[in-house]
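Undergrad: Below is one structure. I have some questions about it.
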Amino acid sequence: MTRRHASCSCGQLALTAEGEPLRVSVCHCLECQRRSGSVFAVQARFPADAVAIRGQAGAYARTGDEGTSCTFHFCPRCGTTVYFVPDAIPGVVSVPVGVFADPGFPPPRVSVYEARRHAWVRLPEDIEHID
């Protein structure tokens, strides 16, 4: 079984995810743009029982473009968001793909909130487009 490790910049907050992600997606919503500091965010969903977390985390609940909330968990020392829990998807933990620091991580298969996508952003042609 695949085991992937993710951590914040300073290493204080980390997680291990067992198995393949349920979904890897690109999100162009304005809140993900603000959260990531980029023009989109890429995240992987895992079953909550496949994720082990270690370290101390701060939390911040954010409401997205459709009105649903996620609670983002970040390192109080370096500020890196390591995982988040979407209220609308019970039993799932989402992890920003960048915290895995793994260029071999599976690519996204879904792109959401494309109405907010920056015009110059190009994605794989075989990706599913929503919005």
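Taken together, the values in this text are just the output of simple stated rules run on the coordinates, not laboratory data. Computed from a predicted structure; not experimentally measured. Heads up, the Cβs are rebuilt from the backbone with ideal geometry, glycines too, and the neighbour counts pull from every protein chain shown.
Undergrad: In the neighborhood of residue 83, defined by Cβ-to-Cβ distances under 13 Å, what is the net charge if each Lys or Arg adds +1 and each Asp or Glu adds -1?
TA: With Lys, Arg at +1 and Asp, Glu at -1, the neighbours total +4.
Undergrad: Separate question: With each run of n ≥ 4 DSSP H residues scored as -39500 (n - 2.57), what mean residue ellipticity at 222 nm is computed for the chain after dividing by its residue count and rounding to the nearest 500 deg cm²/dmol?
TA: About -1500 deg cm²/dmol.
Undergrad: Bin by bin, in steps of 5 Å, what percent of the Cα pairs in the chain do you find, going until the bin that has the longest distance?
TA: It works out to 2, 11, 20, 25, 21, 14, 6, 1, in whole percents.
Undergrad: Now a separate question. May I ask for the net charge around residue 12, where only other residues with Cβ less than 15 Å from the Cβ of residue 12 are counted and Lys, Arg are +1 while Asp, Glu are -1? Walk me through the intermediate numbers first.
TA: Values: positive: 54, 77; negative: none.
Local charge sum for residue 12: +2.
Undergrad: Compute the distance in nm between two label points, each set 7 Å from the Cα along the Cα-to-Cβ direction, one at residue 16 and one at residue 49.
TA: About 1.8 nm, to one decimal.
Undergrad: Using a simple spin-label model with points 7 Å from Cα along the Cα→Cβ vector, what separation in nm is obtained for residue 30 and residue 59?
TA: Once both label points are built, they end up 2.7 nm from each other.
Undergrad: Moving on. For the chain, with a Gaussian network of springs between Cα atoms less than 10 Å apart, report the residue from 93, 26, 112 with the top mean-square fluctuation.
TA: Result: 112 has the largest fluctuation of those listed.
Undergrad: Let me ask another. For residue 68, what charge total do you get from the other residues with a beta carbon under 12 Å from its beta carbon, if Lys and Arg give +1 and Asp and Glu give -1?
TA: Counting the neighbours of residue 68, the net charge comes to -3.
Undergrad: Have a look at the stretch 35-80 and give its Rg and Dmax from the Cα atoms, expressed in angstrom.
TA: Both quantities, over Cα of the stretch 35-80: 12.3, 31 Å.
Undergrad: Further question: What full-extension length gain, to one decimal in nm, is calculated for residue 119 and residue 89 as 0.36 nm per residue of separation minus the Cα-Cα distance?
TA: Here the segment from residue 119 to residue 89 would lengthen by 7.9 nm.
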